[in-house]
1. Tell me whether segment 97-113 contains one or more residues that are among the aliphatic types (A, V, I, L, M), at pLDDT below 95 and closer than 27 Å to Leu210 by Cβ.
2. Identify the residue in segment 91-113 that is more than 26 Å from the chain's Cα centre (by Cα) and of a type in the set (A, V, I, L, M, F, W, C) and, among all such residues, is surrounded by the most Cβ atoms within 10 Å (Cβ to Cβ).
3. Select the helices (runs of 4 or more DSSP H) contained entirely in segment 154-236, then report the ones holding at least 2 residues which are more than 14 Å from the chain's Cα centre (by Cα) and buried (at least 17 other Cβ atoms within 10 Å of the Cβ).
4. Take the conditions aliphatic (A, V, I, L, M), in contact with a helix residue (DSSP H, G or I) (Cβ under 8 Å, 6 or more places away or on another chain) and modelled with pLDDT of 95 or more and apply them to Leu37. Does it pass?
5. Keeping to segment 106-143, report how many residues are under 26 Å from Glu190 (Cα atoms) and among the charged types (D, E, K, R).
6. Can you tell me which residues in segment 43-58 are surrounded by 16 or more Cβ atoms within 10 Å (Cβ to Cβ) and closer than 27 Å to Leu255 by Cα?
7. Arg318 - would you say it is among the charged types (D, E, K, R), modelled with pLDDT of 95 or more, closer than 16 Å to Val234 by Cα and surrounded by 11 or more Cβ atoms within 10 Å (Cβ to Cβ)?
Amino acid sequence: MRELLRVEGLVTRFYTDEGVVKAVDGSWFALEADEALGVVGESGSGKTVTALSIMRLIENPGRIESGRILFRGEDLLEKPEREMRRIRGKEISMVFQDSLSSLNPTLTIGAQIARVLKYHTRLTRRARWQRAVKLLEAVGIPEPAKRVSHYPHQLSGGMRQRALIAMAISCNPKLLILDEPTTALDVTIEAQIFGLIGELKDEFRMGVFLITHDLSVVASFCQQVIIMYAGKIVEEADVQELYGNPLHPYTLGLLRSIPPLEEEAERLESIPGEVPDLINLPPGCNFSPRCALTDERCWHEEPELAEVSPGHRVACHRVAVPVGVGEIHG
């Protein structure tokens with residue numbers, strides 16, 4: 001495989017009346033072509049802001065302060081807005097989690113797909129409409145020739161999400177960003193949509209950047225996974241390594257909160273406390289107020305994201321030996 005995306009030292013902040021929000025604070029990661037990368041964390045961890053930074057869609061009072069976003073070897077942060085408009089939708093597409101608000105209620109589904117094609121291709125009007133029908137068929141929408149003339153409110157939540165995916169893949173992008181694409185959908189529809197995205201990934205040789213809070217989805221769909229907390233990456237590994245040998249206490253807490261499939265749990269574990277205020281972050285390790293392993297060093301010294309084994313990076317002072325899901329060695 002070849003590298004499709006590389007993010008180096010990304011810092012994105014929002015300047016508000018209350019103070020500076022450190023939404024993404026120095027992220028480094030890479031995504032290979034044909035690979036699915038899962039980005040996991042609670043709300044406020046910086047997942048969506050990372051995606052919007054890649055798309056160059058950060059608006060005032062936000063600002064990308066530093067770093068590089070290398071897409072196919074070229075830094076997106078150095079490109080003029082006119083060129084970014086060409087890249088968005090054609091080479092990099094994003095599917096947002098709220099399908100109803102992401103679609104224009106005054107235009108039919110076909111018209112919205114055709115608009116994307118008109119901007120990025122030289123297809124005729126008739127060819128754009130035919131392409132829209134084929135795309136709806138490709139994403140599993142029944143009676144696509146009929147549905148193409150429907151408005152968003154006439155489709156179910158699952159169909160709207162499929163229509164958004166159809167729009168996103170209309171120009172065969174190299175990178176597909178998915179922000180909680182199955183929120184509020186039942187598990188059957190969720191499985192169908194991820195099965196579909198997996199097929200499209202293989203067919204079009206896309207890299208997929210999946211934002212989610214659900215580690216079980218990552219396990220079945222992704223090859224690599226990043227755990228984010230309070231604007232920082234705290235752990236990164238391939239999926240098998242992360243599930244077999246999670247090292248960061250936050251990762252361990254997320255894994256322990258997943259309901260077991262084999263037996264009924266009397267009570268699921270949860271991580272105490274809340275994600276810190278990104279304006280007033282604690283000194284030292286951001287996770288220290290919620291961590292049972294905190295020592296004096298954690299409160300005063302911020303841990304670096306360091307490689308502890310090939311491809312496995314962790315930001316934790318207490319990581320010295322492998323950690324299993326059932327126990328932590330301090």
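The values are calculated or read from the model by the stated rules, or taken from the named source; none is laboratory data. Keep in mind that what you see is a predicted model, and the values were worked out from it rather than measured. Here the Cβ is made from the backbone with ideal geometry for all residues, glycine too, and neighbour counts use every protein chain on show.
1. Yes, there is a match, as at least one residue in segment 97-113 is among the aliphatic types (A, V, I, L, M), at pLDDT below 95 and closer than 27 Å to Leu210 by Cβ.
2. Going through the qualifying residues, I end up with Ala111.
3. 157-168, 187-204
4. no
5. Looking only at that region, the number is 4.
6. Hits for segment 43-58 are Gly44, Ser45, Gly46, Lys47, Thr48, Val49, Thr50, Ala51, Leu52.
7. no
Each row is one residue, and each column tells you yes or no for (1) touching a strand residue (DSSP E or B) at 6+ places or on another chain (Cβ under 8 Å); (2) farther than 28 Å from Pro282 by Cβ; (3) of a type in the set (Lys, Arg).
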residue	(1), (2), (3)
Arg6	yes, yes, yes
Leu10	yes, no, no
Asp17	no, no, no
Glu32	yes, yes, no
Gly38	yes, no, no
Met55	yes, yes, no
Arg82	no, yes, yes
Ile92	yes, yes, no
Ile109	no, yes, no
